[in-house]
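The values are calculated or read from the model by the stated rules, or taken from the named source; none is laboratory data. Here the structure is a predicted model, which is why all the values come from computation and not from measurement. Glycine gets a Cβ as well: all are built from the backbone with ideal geometry, and neighbour counts include every protein chain shown.
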């Protein structure tokens, strides 16, 4: 039996606005990659994609600012004055800012295109990878495993491809099917690795499965049905995997904050 | 080089929580959050019973996982080994809270992170932390690990058993638990019984 005088600071530190950020940064990171490819291939709609990318990044940055407990201390400037490449959030901040600037110049259609394309590729990589990296680095939280390094970029791409399919972009359908299926497989691999891992990982799996197993399964199922919906119900084919991927990400962020230390 | 550390003799600790109260008062810690708390664990089965009173706080790790993940560099290690926070740079992102394996960090209503800093304002004046000064059983010792004659070095050297929390994570804490009441070590780490 364990009792406390005072309590460890084990309550959740990220709340629902952070989940919105994780959804928006997935859309923003994916949109940057789409804009990068469109710009490299001289796609006729590249300026529209750049504009949508900018809107998504600004929305994400706004969410981050609103959720920040230090929003009126204006300390965020230190993100860009410090050099901390070991910090995923620093990498993500630079990824989003580089993407925003590059998208702006692609939208303007001015300046050295090669430079903006390079900026978009670097920005997209950072913005897609950093959320999973920010979680996976925490070896003390067993639900945030290295599998997230692949699962989060994949689900991020699913969200933006789902959005593109909703807006009837013809190129999105086959990529949506492929990336949705890859994300579903990765979701199952993530669970399997937990369930067959160390004693701590198995304990975390039991906790996760009993609390969020049904919802997580629903998310994976939503990714799996995308290929079936693509021709029959095009509207749902975009929406269902988008929501499924967002659900999977949110559940992992939310539940993974528990570190099962000493309780 | 100075390497500040603390040792807590669990054979002497009676769980009175005087250290926790002293910490609250010294550092004006608000309600609902704690820099220092006591974990009281009953071990064994009747009639072989004992209790472990284990004060917990920031362990000022040699390799603190909270420092490299800080995106603004506000978390840093002082020359004397204290893991510190420059609140002027903190953006309240909670990355360090996520990285801490010991639940030692928390967010203040003012929008920045806080935790035990070994009462650095007292240490800088050559005094010991408030928890050490107030402990009625003298179970806490504090000092420079690199000085073989410091109280903490002597306490560790003379202890029958020395443990740290979650040693498997490789953080190498600078807070040592001495003489655990259970033969297997700290409660909750080995899963053993008396």
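Could you tell me whether the range B:160-174 includes any residue that is within 19 Å of residue B:58 (Cα to Cα), surrounded by 21 or more Cβ atoms within 10 Å (Cβ to Cβ) and over 15 Å from the mean Cα position of the chain (by Cα)?
Initially, the range B:160-174 is screened for residues within 19 Å of residue B:58 (Cα to Cα), giving B:162-174.
Now drop any that are not surrounded by 21 or more Cβ atoms within 10 Å (Cβ to Cβ), which leaves B:165, B:171, B:173-174.
Next, from what is left, pick out any that are over 15 Å from the mean Cα position of the chain (by Cα): none.
Within the range B:160-174, not a single residue is within 19 Å of residue B:58 (Cα to Cα), surrounded by 21 or more Cβ atoms within 10 Å (Cβ to Cβ) and over 15 Å from the mean Cα position of the chain (by Cα).
Checking residue A:150 against (1) in contact (Cβ under 8 Å) with a residue 60 or more places away in the chain; (2) within 14 Å of the chain's Cα centre (by Cα); (3) surrounded by fewer than 24 Cβ atoms within 10 Å (Cβ to Cβ), which test does it fail? All conditions pass for residue A:150, except number (1). Does the range B:119-130 include one or more residues that are farther than 14 Å from residue B:22 by Cβ and surrounded by 15 or more Cβ atoms within 10 Å (Cβ to Cβ)? Yes, that holds for at least one residue. Would it be correct to say that residue B:106 is crowded, with 17+ Cβ neighbours inside 10 Å and closer than 14 Å to residue B:29 by Cβ? In short, yes. Just one of (1) more than 7 Å from chain A (Cβ to nearest Cβ); (2) in contact with a strand residue (DSSP E or B) (Cβ under 8 Å, 6 or more places away or on another chain) fails for residue B:106. It is (1). Evaluate the following for residue B:125: is it more than 14 Å from chain A (Cβ to nearest Cβ) and part of a loop (DSSP other than H, G, I, E, B)? Yes: the conditions hold for residue B:125. When the range A:170-188 is filtered for residues that are more than 18 Å from the chain's Cα centre (by Cα) and farther than 16 Å from residue A:159 by Cβ, the ones remaining, listed by number, are A:170, A:171, A:174. Would you point out which residue out of A:33, A:59 is touching a helix residue (DSSP H, G or I) at 6+ places or on another chain (Cβ under 8 Å) and within 16 Å of residue A:102 (Cα to Cα)? None of the others qualify; the one that does is A:33.
I'd like the full set of residues that are assigned to a helix (DSSP H, G or I) and under 23 Å from residue B:100 (Cα atoms), limited to the range B:133-172. Even if it seems obvious, please write down each step before you answer.
Step one: of the range B:133-172, the residues assigned to a helix (DSSP H, G or I) are B:133-134, B:151-158, B:167-169.
Scanning the range B:133-172 gives B:167, B:168, B:169.
Identify the residue in the range B:80-101 that is more than 7 Å from chain A (Cβ to nearest Cβ) and buried (at least 24 other Cβ atoms within 10 Å of the Cβ) and, among all such residues, is nearest to residue B:62 (Cα to Cα). Looking at the filtered set, the residue picked out is B:83. Could you tell me whether the range A:95-116 includes any residue that is farther than 20 Å from residue A:246 by Cα, within 14 Å of chain B (Cβ to nearest Cβ) and modelled with pLDDT of 95 or more? Yes: one or more hits. When the criteria are applied in full, residue A:52 fails the requirement of being closer than 20 Å to residue A:21 by Cα, within 14 Å of chain B (Cβ to nearest Cβ) and in contact (Cβ under 8 Å) with a residue 12 or more places away in the chain.
The selection criterion, being touching a residue at least 12 places away in the same chain (Cβ under 8 Å) and away from every other protein chain (no Cβ under 14 Å), holds for residue B:141. Scanning the range A:84-94 for residues that are exposed (fewer than 14 other Cβ atoms within 10 Å of the Cβ) and more than 8 Å from chain B (Cβ to nearest Cβ) returns a single hit, A:85. When the range A:1-45 is filtered for residues that are more than 10 Å from chain B (Cβ to nearest Cβ) and at positive phi, only A:42 remains.
Counted as qualifying within the range B:33-86 are the strands (runs of 3 or more DSSP E) with 3 or more residues that are touching a residue at least 40 places away in the same chain (Cβ under 8 Å), namely B:37-45, B:48-56.
Regarding the range B:27-40, can at least one residue be identified that is farther than 27 Å from residue B:93 by Cα, surrounded by fewer than 19 Cβ atoms within 10 Å (Cβ to Cβ) and within 12 Å of chain A (Cβ to nearest Cβ)? For the range B:27-40, residues farther than 27 Å from residue B:93 by Cα, surrounded by fewer than 19 Cβ atoms within 10 Å (Cβ to Cβ) and within 12 Å of chain A (Cβ to nearest Cβ): present.
For the range B:48-68, give me each residue that is out of contact with any strand residue (DSSP E or B) (no Cβ under 8 Å at 6 or more places or on another chain) and at pLDDT 90 or above. Give the steps one after another, and end with the answer.
First, pick out the residues of the range B:48-68 that are out of contact with any strand residue (DSSP E or B) (no Cβ under 8 Å at 6 or more places or on another chain): B:48, B:62-63, B:65, B:68.
The answer is B:62, B:63, B:65, B:68.
Scanning the range A:77-104 for residues that are free of Cβ contacts under 8 Å to residues at least 12 places away in the same chain and assigned to a helix (DSSP H, G or I) yields a count of 4.
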